[in-house]
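Reviewing the structure listed below.
The values are calculated or read from the model by the stated rules, or taken from the named source; none is laboratory data. As the structure is a prediction and not an experimental result, all values here were calculated from the model. In this analysis, Cβ positions are derived from the backbone assuming ideal geometry, glycine residues included, and neighbour counts consider all displayed protein chains.
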Amino acid sequence: MTSIVVKGGNLLKGTIKISGSKNAALPCLAASILTNEVVVLEKVPIIGDTKNMIEIMRLMNIKVNVNDNTLMIKSDRPDFKIPSRFSKLLRGSTLLLGSLLARRGRVELYGYGGCPIGLRPIDLHLYAFKALGAKIEQKKDSIEIIANQGLKGAEIFFNFPSVGATENAIMAACVAKGETILKNVALEPEVLDLVKMLQSMGVIIKVNSRRREIKIIGTKEISGVKHELIPDRIEAGTYAVASVIAGSKVVLEDLNVMHLRGVVRKLLEIGAEVSIKGKSNLQICQAKNPLKSLNIVTKPYPGFPTDLQPQFVTLFTQAHGTSQIFETIYENRFLHIPELCKMGAKIDVLDRKIIIEGPTTLHGSEVYARDIRGGVALVLAGLVAKGSTIINNAEVIMRGYEKIETKLRGVGAEIEVIK
């Protein structure tokens, strides 16, 4: 087991550079399978999830060369079976379904992993494949998807704008005959980054953001590409929260400010001192006045991201008054709350509503990380807690944050990783 130890009380000051997006890396890695030409991905974060995805691809006869944060991928003849050894560790392994179905005409998946934050079924993914003409065979331990006669364009309406289902449907539709129209799609920046990559690979894709609609014209000619991933907006939002609760003056570099508009708005409403420096920098200074309570509802983009809900729970423990967060995306994204309560937080959960009383003095404790974002919320709590906080099972945090201890130590935090 890996643990992160944080000694609270240090004021953060300095610069943090934001890594490439984890949630963009996984679909773009999957999309590299659509061509037998070389694909180069730049600014790939080397974290637990991308490492697992790379190992899955290598076990499937795909060549992946890693040079710092640049990956060179060559898929001459990928295997259609996704190996269970790593897929059960990684929710993102499901993103291989669409690209493998498009490339090989069939795909088999033996289980998939991820954070225990809700049911997270893949029924919308399968619904899209079926609409495109694939046959689905669900067995006790596996799912097999077959399109022996090829895929055909279709009009597909999602009853919820699922990010993964949207990405899988886009990749499958790249080779479908004719036009595919996806309606009520997810429009997260990571989805649009995948679209940008595929457009550079020769696929005709048109996005209508106002109507939440994406049109794809299928093609057999998909070329290689060099593609740079977008910055990780969730990592940026996490360090922004750290800067508000424990910083004196922190600059976040190499992010996309437009992707964080809603988050910055909430930070300003709570009373944080946030300055936008161009399109890629944020400066966050110690608040002059006490932080104020606030209400938030998590929603699909451009709404407030569910992946920042746990971090804002920690932030609200330091705000004056009663704050509320209504979690609409995942029915079980509350596993960090008992751990925060161990540290002295006053938090209640009623159905999907989180009620936080503040400000409270947090005390260093031994706590347990159960998912990526909930785990990093405990790290943030440790930054302001009295004494030392030990976060066990920190491997889950490393799945989503590149060099978190190095980045926080670089701005003055007293933090170390112990194996």
Open item on the list: Looking for something in a helix (DSSP H, G or I) and touching a strand residue (DSSP E or B) at 6+ places or on another chain (Cβ under 7 Å) - is there at least one such residue anywhere in the range 247-258?
Closed with: yes
Task: Evaluation of residue 362 against (1) under 26 Å from residue 186 (Cα atoms); (2) surrounded by 15 or more Cβ atoms within 10 Å (Cβ to Cβ) (one fails), failing number - done: (1)
Task: Meets criteria (at pLDDT 95 or above, touching a Leu at 6+ places or on another chain (Cβ under 7 Å), over 26 Å from residue 369 (Cα atoms) and not assigned by TED's automatic domain parsing to the domain that holds residue 376) for residue 132 - done: yes
Open item on the list: If residue 221 meets every condition in (1) out of contact with any Gly (no Cβ under 7 Å at 6 or more places or on another chain); (2) surrounded by fewer than 17 Cβ atoms within 10 Å (Cβ to Cβ); (3) modelled with pLDDT under 95 apart from one, which number is that one?
Closed with: (1)
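Quick check on residue 379: is it without any contact (Cβ under 8 Å) to a residue 60 or more places away in the chain, closer than 23 Å to residue 412 by Cβ and not in a loop (DSSP other than H, G, I, E, B)?
No, not satisfied.
Can you tell me which of 286, 311 is surrounded by 20 or more Cβ atoms within 10 Å (Cβ to Cβ), closer than 21 Å to residue 253 by Cα and in contact with a Lys or Arg (Cβ under 9 Å, 6 or more places away or on another chain)?
311
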- [ ] Among the candidates 411, 349, single out the residue that is more than 26 Å from residue 188 (Cα to Cα), touching a Phe, Trp or Tyr at 6+ places or on another chain (Cβ under 9 Å), part of a loop (DSSP other than H, G, I, E, B) and of a type outside the set (S, T, N, Q).
- [x] 411
Task: Tally, over the range 270-323, of residues that are closer than 18 Å to residue 16 by Cβ and among the aliphatic types (A, V, I, L, M) - done: 7
Open item on the list: Taking the conditions exactly as written (crowded, with 20+ Cβ neighbours inside 10 Å and either over 16 Å from residue 359 (Cβ atoms) or in contact with a Pro (Cβ under 9 Å, 6 or more places away or on another chain) (or both)), does residue 296 satisfy them or not?
Closed with: yes
Open item on the list: Scan the range 395-416 and tell me whether some residue there is surrounded by 22 or more Cβ atoms within 10 Å (Cβ to Cβ) and among the aromatic types (Phe, Trp, Tyr).
Closed with: yes
Open item on the list: Could you go through the range 152-173 and let me know if any residue there is among the small types (Gly, Ala, Ser), touching a residue at least 60 places away in the same chain (Cβ under 8 Å), not in a loop (DSSP other than H, G, I, E, B) and not assigned by TED's automatic domain parsing to the domain that holds residue 128.
Closed with: no
- [ ] Report whether or not residue 271 is in contact with a strand residue (DSSP E or B) (Cβ under 7 Å, 6 or more places away or on another chain) and on the phi > 0 side of the Ramachandran plot.
- [x] yes
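Kindly indicate whether residue 374 is more than 23 Å from residue 190 (Cβ to Cβ), assigned by TED's automatic domain parsing to the domain that holds residue 10 and of a type in the set (Gly, Ala, Ser).
no
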Open item on the list: Go through (1) at positive phi; (2) modelled with pLDDT under 95 for residue 387 and report which single condition fails.
Closed with: (2)
Open item on the list: Filter the range 12-59 down to the residues that are among the polar types (S, T, N, Q) and surrounded by 18 or more Cβ atoms within 10 Å (Cβ to Cβ) and list them by number.
Closed with: 19, 21, 23, 32, 35, 50, 52
- [ ] Kindly indicate whether any position in the range 2-11 is modelled with pLDDT of 95 or more, crowded, with 23+ Cβ neighbours inside 10 Å and not aromatic (Phe, Trp, Tyr).
- [x] yes
- [ ] Among the helices (runs of 4 or more DSSP H) lying completely within the range 32-113, list those that include at least 1 residues that are closer than 21 Å to residue 230 by Cα and at pLDDT 95 or above.
- [x] 48-59, 96-104
Open item on the list: The conditions are (1) surrounded by fewer than 19 Cβ atoms within 10 Å (Cβ to Cβ); (2) out of contact with any Lys or Arg (no Cβ under 8 Å at 6 or more places or on another chain); (3) touching a residue at least 60 places away in the same chain (Cβ under 8 Å), and residue 197 fails exactly one of them. Which is it?
Closed with: (1)
Task: Residues (touching a strand residue (DSSP E or B) at 6+ places or on another chain (Cβ under 6 Å) and not in a strand (DSSP E or B)) located in the range 274-290 - done: 286, 287, 290
- [ ] Look at residue 267 and say whether it is buried (at least 19 other Cβ atoms within 10 Å of the Cβ) and not in a helix (DSSP H, G or I).
- [x] no
Open item on the list: Just to check your reading of the model, which residue among 261, 265 is touching a residue at least 24 places away in the same chain (Cβ under 8 Å) and either charged (D, E, K, R) or on the phi < 0 side of the Ramachandran plot (or both)?
Closed with: 261
